[in-house]
1. Once the mean 1/r over all distinct Cα pairs of the protein assembly as shown is inverted, what Kirkwood radius in angstroms do you read off?
2. Give me the mean projected area, in nm² to one decimal, of the convex hull enclosing the Cα positions of the range A:326-414.
3. Mean separation of Cα pairs under 8 Å and 6+ residues apart, divided by the residue count of chain A: what relative contact order is that in percent?
4. Can you tell me how the range A:24-159 classifies by the Cα gyration tensor, rounded, prolate or oblate, using a/c under 1.5 as the rounded cut?
5. Could you work out the relative contact order of the range A:346-465? I mean the mean sequence separation of Cα pairs under 8 Å and 6+ apart, divided by the number of residues, in percent.
6. List the trypsin sites (Lys or Arg not before Pro) in the range A:597-626 that DSSP assigns to loop (not H, G, I, E or B) and whose Cβ has at most 16 other Cβ atoms within 10 Å. Which are they?
7. Quick one: compute the contact order of the range A:282-435, relative version, from alpha carbon pairs under 8 angstrom and 6+ residues apart, as a percent.
8. Below 12 angstrom from the Cβ of A:F159, what's the summed charge of the other residues (Lys, Arg +1; Asp, Glu -1)?
Amino acid sequence: MFDYLWIVPFLPMLGFIILAVFGGRISRSLVALVGVGSVGLSALLVIIIGLQFLIDPPAGYAFTQVVWQWINVGQLTPAIAFRLDALSLVFCFVVTFVGFLIHLYSSEFMEEDDGYSRFFAYMNLFVSSMLMLVLADNLLLLYLGWEGVGLCSYLLIGFWYKDPENGYAARKAFVVTRVGDTAMAIGLFLLFTSFGTLNIQQLMDSASQNWAVGSSLAIFAAVLLLGGAVGKSAQLPLQTWLPDAMAGPSPVSALIHAATMVTAGVYLIARTHVIFELAPPIQLVVAIIGALTLLISGFSAITQVDIKRVLAYSTISQIGYMFLALGVGAWSAGVFHFMTHAFFKALLFLGAGVIIISLHHEHNMFKMGGLRKQLPVTFWTFLIASGSLAAFPLVTAGFYSKDMIIWYAWSGEKGNVLLWLAGVFGAFITGIYTFRMVFVTFFGEAKMKVDRKPGRRLLIPLMVLAFLSVFAGVIELPDTMGHLKLFSGFLHSILPPVESLHESAGTELIFQIITAVLALSGIFLAYFFYMKKFRTVEDITRGGLAAMLRKYWFAGWGFDWLYDHIFVFPIVWFSQINKNDFIDLFYNGIAGLNRYFHRELKRTQSGQLRWYAMGILIGALITITIVVFI
Amino acid sequence: MTTTPIEIGLLLAGILFSLGLIGVLVRKNIIFILMSIEIMLNAAGLAFILAGARWAQADGQVMFLFILTMAAAEVSVGLAIILQFYHLFKTLNADAASKMRG
């Protein structure tokens, strides 16, 4: 079955081509069939291949398939080659399977949209690019996928292009991620000039052989790769694009800006973990970025009123957890949290999408309320996903993955108390903002009437994802509860295990209880404020420092303001002065000079035959003079 | 028998060439211009003959034959153009051709 690996990214690409060429001419049901079917078949194939991988793993737990030689210039010989190992299999599974559910959901969600076939064409292109990214065996192909998903992100954020705001959000996402991508491209150049190859395995082997731990080249390479990862995964300081990216349709937010694309940075770091291990200071920076991001965006999430913006900040925060895990060397914990996060966050976005279309595209949570009775399935699945996000102890997948990260943030070889504190406090904040959202949206008085009941194609993906949000956790249980290491054991062929300094199960249990209690107290705090209303938030933040803080957090800690003043306004100002482009003056000058000579020389073309003869004579005399006398 | 020094012959060729050139430049009548060009060509031919005689090589005479042939061809084309020119402008003044404007 491994020989059919190339079909996995090919099928969505084929779907994209069909929809792009014939999309306008075929019926809507056929569009949905092609769009959903291509990803569905791809998911099926990944599951079959994955099963074979589990039962009968290939030699060295990796399978490489070269499809064709892409470029062959000197040393640069990247191939279109796919490499399947444990890490890419996990990502492939999530991309195709969650992708399929979201496509199925979209087939109903987008039903009344004019751009139905365009939407599915973009979505298929996205899935294909994302698969190319995770399956790539060399960094150039990975970069192709990387830019491909960036393009699709741009196209889909600005999907409703008639509103200029959406186009602005799309451009912002594109430009901000481009900053990171540029760093990453330079990183690839650095790796290529150092080792003369872009093949990931060869690179990792030569890097660990040739670079000493902490050598300056390793640090540069790690910083540049981290730059790419930070841009794509919306981490500090390039996180500003993600909340605005919510301008796109909800399934897009679920697929691209929650489950898959934004975690490409996590994939990149996990994939090139050798380089990060060779640069310990940068690995610490990864952890610090993760810790800061998860706190900052957690605080921002508490103050938002737009349901999708809450989820966007929450996504940034959860990817912060993944970065924290990567930074302390708990690679498989990061990937595990990626997987559970893909399930529950996709579910939250899809649930939010159901709410939004049921209420005439209303995004403001405080205008919703009381939806528990009107949208029962959505409520229960949303509640499960929220529990998972808030790490509700024992019964949710999110608890196991988040607990694993928080535990290693302290006990891991590279962990420390501050990182642990950030993680635990982040869990507390997560509890607050998640259940604030749940209580405000689903409980209390109904302020709006639901006029559209969600159909089966909307609800089935919700239920499947809700199932996974609960039970995906049981494949990896901590030492204190069953000690089941299926997931990290599966990944050990590619990602080294974390060195734990504190093996005692008793200590781990105490830490788990602390985490659980803090997460629960976050939920209770939200309960007291938003259900019991024993003091409203408006009371506390009526004036002074609290109000200022709230405003500040609402604006995402003023990063947009800062970047506007540092980068955007100066560039706009400069381009306004330089409307006529002073560099053009030089080229316009050359053109003007030519025109002048042309005008003067034109006079000699009088049509007077004898003047021409005279010209020849003078020219000949001058030439002869030069030849003879000089 | 005393041989004429080559300088005299070349001087003759030069004078002939200059006369032809001046003719081309000052004459308005297109037929005279054509005749002047013939004089220049023959001056060049004379120079070849002289050079051939001086170094006792046949090349000079060969070149003259070429020039002769070329001149014949040139005259036939030139005269045909003159006929057309006259047909068009009803004059033989070469400056009239400037009306064609390229």
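Since every read-out is calculated from the coordinates, none of them should be taken as a lab result. This is a predicted model, so every value here is computed, not measured. Don't worry about glycine lacking a Cβ; one is built from the backbone with ideal geometry, like all the others, and counts go over all protein chains shown.
1. Working: mean 1/r = 0.0327 Å⁻¹.
About 30.6 Å, per the Kirkwood formula over Cα pairs.
2. Working: hull surface 26.8 nm².
For the range A:326-414, averaging the hull's shadow over all directions gives 6.7 nm².
3. Numbers: 1036 pairs, mean separation 73.8, N = 630.
Over chain A, the number comes to 12 percent.
4. Values: a/c = 2.58, a/b = 1.50, b/c = 1.72.
Oblate is the answer for the range A:24-159, as a/c is 1.5 or above yet b/c matches or exceeds a/b.
5. On the way: 131 pairs, mean separation 50.9, N = 120.
Normalised by residue count, the contact order of the range A:346-465 is 42 percent.
6. Values: sites: A:R599, A:K602, A:R603, A:R610; in loops: A:R603.
Sparse-neighbourhood loop trypsin sites (Lys or Arg not before Pro): A:R603.
7. Working: 228 pairs, mean separation 45.5, N = 154.
Reported relative contact order: 30 percent.
8. Working: positive: A:R118, A:K162; negative: A:D113, A:D114, A:D163.
Result for the neighbourhood of A:F159: -1.
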